[in-house]
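Laboratory data are not the source of any read-out in this text; all were calculated from the coordinates shown. Just so we're clear, the structure is a prediction, and the values are computed from it rather than from any experiment. As a convention, Cβ positions derive from the backbone with ideal geometry for all residues, glycine included, and neighbour counts pool all protein chains shown.
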Amino acid sequence: MESETNRANQTVMTEFVLLGLHDHHNLEMVLFVLCLGIYSVNVLGNALLIGLNMLDPRLHTPMYFFLSNLALVDISGTSSFVPLMLVNFLETQSTISFPGCALQMYLTQALGSTECVLLAMMACDRYVAICQPLRYSELMNPQTCTWMVALSWGAGLANSLLNSKLTWSLPFCGHNVINHFFCEILAVLKLACGDISLNALILMVASAVVTLPPLLLIFLSYVFILTAILRMPSAAGRHKAFSTCSAHLTVVVIFYGTIFFMYFKPKAKEPNLDKFIALFYGVMTPSLNPIIYSLRNAEVKAATIALLRGDLLSRKISRFPVVL
């Protein structure tokens, strides 16, 4: 009888309420301005990286192929929840439909998992470039790079599909107030009226699978990379080799540093603090990637200058003769 009541309540519930910070509306206005600015930088900066990769033949290399995919992940990840969150900042009460919440939760987790694996693939690319330079074009051929990127996307999508399926198979008995800015999986699980111990265990194991092996691969890659750099006889060679890896290493430190701070810090006494940390991870971190790669990469800077001068577009147009 109880299970029938749970199922009935679950079918009646068609939307969730996103609590956010509606008790502090003035603060939400400040967050609206900040998040809108940061989101704009994220979309424009990452779109610029993708555009430069398509327009400039000098950037048609494995490293920039991976970087373009990273930019696409960052744009898609933030776009899965930031636009609706910005609208909700202006509302007195924020709601999201049941399917909308399911889609938002799936996308945010899938794209975050994809970035974990993709950063490891980029570390492998840097390892081959520094430690196996004579075989670089052979080992990092277009087919291999495509498979590496496909593995990254596939792992992220599969991980999120598993956790989403298990989450939405739980009964939700009328509790529909999510204490967060968006449909974050842990916040949604708290609303379930069934036993979530299995979900929590599988979520922990799945998260470990998509974060720890890639992190170990990144660590090992950079141990070999730094060893190879220190063995180089010329200071100019060491500087050039390290400069090609420094941007990626900076992104890895920021990305994983934020993850570990979120999930391994002591539980905050103030619940809103966890929301701000998640907001920093979801909004701020992706916008740093194009800035880091633009400031620390001479080829990206050169391509940007060529684009501003109109050289890239004129070069692209000149390849297509006008037929009268």
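Annotations
- Pairwise Cα inverse-distance average, inverted: Kirkwood Rh of the range 146-270 (Å): 17.9
- Rg(Cα) / (2.2 N^0.38 Å) computed for the range 202-249, rounded to two decimals: 1.56
- As a size descriptor, the averaged projected area of the C-alpha convex hull of the range 24-122 was calculated at 7.3 nm².
- Span-like helix ranges in the chain, DSSP H, alpha carbon extent 30 angstrom or more, Kyte mean at least 0.0: 25-55, 98-131, 142-168, 197-230, 235-264
- Working note: Karplus 6.51/-1.76/1.60 with θ = phi - 60° gives the range 134-141 the couplings 6, 10, 4, 5, 6, 6, 9, 6 Hz, where Gly and Pro are set to x.
- When shorter helices are ignored and each DSSP H run of at least 4 residues is given -39500 (n - 2.57), the per-residue value for the chain at 222 nm works out to -25000 deg cm²/dmol.
- Between the amide H of residue 173 and those of 193, distances stay under 5 Å, these residues lying 5 or more places away or on another chain, with hydrogens modeled in the peptide plane.
- Think of each Lys and Arg Cβ as +1 and each Asp and Glu Cβ as -1; about the Cα centre, that makes the dipole of the chain roughly 1320 debye.
- Net +/- balance of residues flanking residue 302 in space, Cβ distance below 9 Å, scoring K and R +1, D and E -1: 0
- The range 60-172, dipole about Cα centre (Lys/Arg Cβ +1, Asp/Glu Cβ -1), debye to the nearest 20: 180
- At q = 0.16, 0.17, 0.19, 0.20 Å⁻¹, base-10 log of I(q)/I(0) for the range 81-232 (Debye sum, equal scatterers on each alpha carbon): -0.91, -0.97, -1.10, -1.17
- Applying both filters, DSSP loop and at most 10 other Cβ atoms within 10 Å, to the trypsin sites (Lys or Arg not before Pro) of the range 174-242 gives 231.
- Dipole-positive endmost among 106, 167, 70 within the chain (Cβ charges, Cα centre): 70
- Once backbone amide H atoms are built at 1.01 Å from N, residue 94 has 18 as its partners under 5 Å, excluding neighbours fewer than 5 places away on the same chain.
- For residue 15, residues with placed amide H under 5 Å, excluding near neighbours: 98
- Per the Kirkwood formula applied to alpha carbons, the chain shows a radius of gyration over Rh ratio, Rg over Rh, of 1.03.
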